[in-house]
Amino acid sequence: DSSVTFSTIVPTSGTYDMQVYYDNGGSSAATLNLSVNGDAATQPSFPVTGKWGDFSPSQYITVPVSLNAGENTVQFSYGTGNAELDRIYVPDTPS
């Protein structure tokens with residue numbers, strides 16, 4: 001039942017390619033539930049990275065998210081398997 005919530009501020013409404021940096025040292029892909037601004041959750045998949053504790057700057061997935069101008073809330077909660085989040089990056093402009 002664990003979750004983590006991030007806030008992000010963007011200048012204009014639109015779809016942004018959010019980069020989610022993570023680690024998955026398990027033996028199969030994991031999912032997390034992703035909710036933006038309280039909307040229905042999606043379930044991005046996090047492929048295996050090979051070992052735990054290896055937060056490489058090149059290890060991320062890109063998830064398109066619809067954001068409003070101003071502050072937005074991005075929440076990840078437990079899905080299937082195990083994936084550890086490191087950080088998220090949202091570009092300044094929509095894709």
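The values are calculated or read from the model by the stated rules, or taken from the named source; none is laboratory data. Keep in mind it's a predicted model, so treat the numbers as computed, not measured. Counting neighbours? That spans all protein chains shown, and the Cβs are built from the backbone with ideal geometry, glycine included. Just so you know, the surface numbers come from the protein's heavy atoms only, side chains and all, with ligands and any DNA or RNA stripped out. Shrake-Rupley method; radii C 1.70, N 1.55, O 1.52, S 1.80 Å.
Tabulated data for the structure shown
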read-out	value
Complete set of residues in the range 71-93 that are closer than 14 Å to residue 9 by Cα and open to solvent by less than 50 Å² (accessible area, probe 1.4 Å)	72, 74, 88, 90, 91
Out of 42, 15, sole residue that is closer than 15 Å to residue 90 by Cα and open to solvent by 30 Å² or more (accessible area, probe 1.4 Å)	15
Members of the range 29-65 found to be more than 9 Å from the chain's Cα centre (by Cα), of a type in the set (Val, Ile, Thr) and in a strand (DSSP E or B), listed by number	31, 36, 42, 65
The range 70-95: number of residues that are in a strand (DSSP E or B) and touching a Ser or Thr at 6+ places or on another chain (Cβ under 7 Å)	10
Residues of the range 22-39 that turn out to be closer than 30 Å to residue 9 by Cβ, open to solvent by less than 60 Å² (accessible area, probe 1.4 Å) and of a type outside the set (A, V, I, L, M, F, W, C), as a count	7
Residue check, residue 3 among the polar types (S, T, N, Q), closer than 15 Å to residue 73 by Cα and either touching a Cys at 6+ places or on another chain (Cβ under 8 Å) or surrounded by 13 or more Cβ atoms within 10 Å (Cβ to Cβ) (or both)	no
Neighbours by Cβ (under 7 Å, 6+ apart or cross-chain): first from the range 37-54, without any contact (Cβ under 8 Å) to a residue 60 or more places away in the chain; second assigned to a loop (DSSP other than H, G, I, E, B) and open to solvent by 60 Å² or more (accessible area, probe 1.4 Å)	37/68; 48/27; 48/28
Scan of the range 4-28 for residues that are assigned to a strand (DSSP E or B) and among the small types (Gly, Ala, Ser), ordered by number	7, 14
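Each row is one residue, and each column tells you yes or no for (1) small (Gly, Ala, Ser); (2) under 28 Å from residue 68 (Cα atoms).
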| position | (1), (2) |
| --- | --- |
| 10 | no, yes |
| 14 | yes, yes |
| 23 | no, no |
| 31 | no, yes |
| 35 | yes, yes |
| 41 | yes, yes |
| 46 | no, yes |
| 49 | no, no |
| 53 | yes, no |
